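First up is the structure itself, then whatever we jot down about it.
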Amino acid sequence: MRDSLGSVRTVLLLGGRSEIGLAVAERLVREGAREVVLAARGGVGDPPSVFEALGAATHSLEFDAEAADTHAATVAAAVELVGDLDVVVDAFGVLGEQSEYEADPLSAARAAAVNYTGHVSVGLSVAARLREQGHGALVVLSSVAGVRVRRANFVYGSAKAGLDGFAQGLADSLHGSGARVLVVRPGYVATQMSRHVDPAPFPATPGQVADVVSRGLRGSATTVWAPRVLQPVFAGMRMMPRTLWRRLGR
């Protein structure tokens, strides 16, 4: 629960093994959060020791992005563990190979279910709880891949485009409730999930994304970019003629 000054005390990380999500959670703990719930498929049996070292209690929950019928129960279980949810970080997802998706449409559909529909069901469950509380923030890790979908990764990018639009609409639905949504648009971030992908211009580290999220939560932003330079870059990319755009690689 929040302290008397409204500081963040509790964090729920959906995607409890996400390197970016863990970096965000760690940053919030360094700023005063004292209870962290890590939700992931199979739970998180061995939570990062940094949370305990910083004085925060860590809890583990089962969370399956594809099991939409369990998502409301997952949110309720987190509330049972720590009370009100001050910050929920929505950080789960998969990043496969476009060529494999084209060769196996079923795997593409499964990836899309994780990267989009899973966020819809759990996001609505989180929003209902935040609305009931009258406070709290849902941090949604979107991607610049969804700003304008590229040939090189259009299965992943289209799911991120859907997620980005959903998160913006969810933010509007919470307006006036005391709760909010912060959409985060990172570019290339070097993690285990992206190790098979060639680096793109203007990369960021998980820690740098966490810094951007922290600043966004302290202010009134609804959307933040990591790094910030990507916002004007993609403003220009939106205007690029399609004949040129389809030729781009990464």
Report summary line: Given (1) closer than 20 Å to Ser121 by Cα; (2) free of Cβ contacts under 8 Å to residues at least 40 places away in the same chain; (3) crowded, with 20+ Cβ neighbours inside 10 Å, Val44 misses just (1)
Report summary line: Scanning the range 206-223 for residues that are free of Cβ contacts under 8 Å to residues at least 60 places away in the same chain and closer than 17 Å to Ser18 by Cβ, the one most open to solvent (accessible area, probe 1.4 Å) turns out to be Gln208
Query raised in the report: Is it the case that some residue within the range 84-99 is at pLDDT below 95, open to solvent by less than 40 Å² (accessible area, probe 1.4 Å) and farther than 26 Å from Gln208 by Cα?
Result: yes
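Inspect all residues belonging to the range 21-40 and state whether any of them is part of a helix (DSSP H, G or I), within 23 Å of Gly162 (Cβ to Cβ), touching a strand residue (DSSP E or B) at 6+ places or on another chain (Cβ under 9 Å) and open to solvent by less than 40 Å² (accessible area, probe 1.4 Å). Break it down into steps so the answer makes sense when it comes.
Pass one, the range 21-40, residues part of a helix (DSSP H, G or I): 21-30.
Within this subset, residues satisfying the condition of being within 23 Å of Gly162 (Cβ to Cβ) are 21, 24.
Still in the list and also touching a strand residue (DSSP E or B) at 6+ places or on another chain (Cβ under 9 Å): 21, 24.
After this cut, where a residue has to be open to solvent by less than 40 Å² (accessible area, probe 1.4 Å) as well, the list is 21, 24.
Yes: the range 21-40 contains one or more residues that are part of a helix (DSSP H, G or I), within 23 Å of Gly162 (Cβ to Cβ), touching a strand residue (DSSP E or B) at 6+ places or on another chain (Cβ under 9 Å) and open to solvent by less than 40 Å² (accessible area, probe 1.4 Å).
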Report task. Output the helices (runs of 4 or more DSSP H) that fall wholly within the range 163-250 and possess 2 or more residues being modelled with pLDDT of 95 or more and either of a type in the set (S, T, N, Q) or closer than 20 Å to Arg30 by Cβ (or both), or say none. Result -> 206-218
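Would you tally the residues in the range 1-20 being open to solvent by 50 Å² or more (accessible area, probe 1.4 Å) and in a helix (DSSP H, G or I)? Walk me through how you get there before you give the answer.
Filtering the range 1-20 down to residues open to solvent by 50 Å² or more (accessible area, probe 1.4 Å) leaves 1-5, 9, 17, 19.
Right, trim to in a helix (DSSP H, G or I) and you get 19.
Adding up the residues that qualify gives 1.
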Report task. For the range 52-78, name all the residues that are modelled with pLDDT of 95 or more, assigned to a helix (DSSP H, G or I), touching a strand residue (DSSP E or B) at 6+ places or on another chain (Cβ under 9 Å) and closer than 22 Å to Arg9 by Cα. Result -> Thr74, Val75, Ala77, Ala78
Report summary line: Taking the range 163-179 and keeping only residues that are crowded, with 18+ Cβ neighbours inside 10 Å and among the small types (Gly, Ala, Ser), one is left with Ala167, Ala171, Ala179
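Condition check: closer than 15 Å to Val181 by Cα, open to solvent by less than 10 Å² (accessible area, probe 1.4 Å), touching a residue at least 12 places away in the same chain (Cβ under 8 Å) and not in a helix (DSSP H, G or I). Does Val122 satisfy that? So that I can check it myself, show each step before the final result.
Details: closer than 15 Å to Val181 by Cα: yes; open to solvent by less than 10 Å² (accessible area, probe 1.4 Å): yes; touching a residue at least 12 places away in the same chain (Cβ under 8 Å): yes; not in a helix (DSSP H, G or I): no.
No.
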Report task. Inspect all residues belonging to the range 143-150 and state whether any of them is charged (D, E, K, R), in a helix (DSSP H, G or I) and either open to solvent by 40 Å² or more (accessible area, probe 1.4 Å) or free of Cβ contacts under 8 Å to residues at least 12 places away in the same chain (or both). Result -> no
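The values are calculated or read from the model by the stated rules, or taken from the named source; none is laboratory data. Nothing here was measured: the structure is a model prediction, and the numbers come from that model. Reconstructed Cβ throughout: ideal geometry from the backbone, glycine too, with neighbour counts over all protein chains shown. SASA here: full protein model, heavy atoms, side chains in, ligands and nucleic acids out. Shrake-Rupley method; radii C 1.70, N 1.55, O 1.52, S 1.80 Å.
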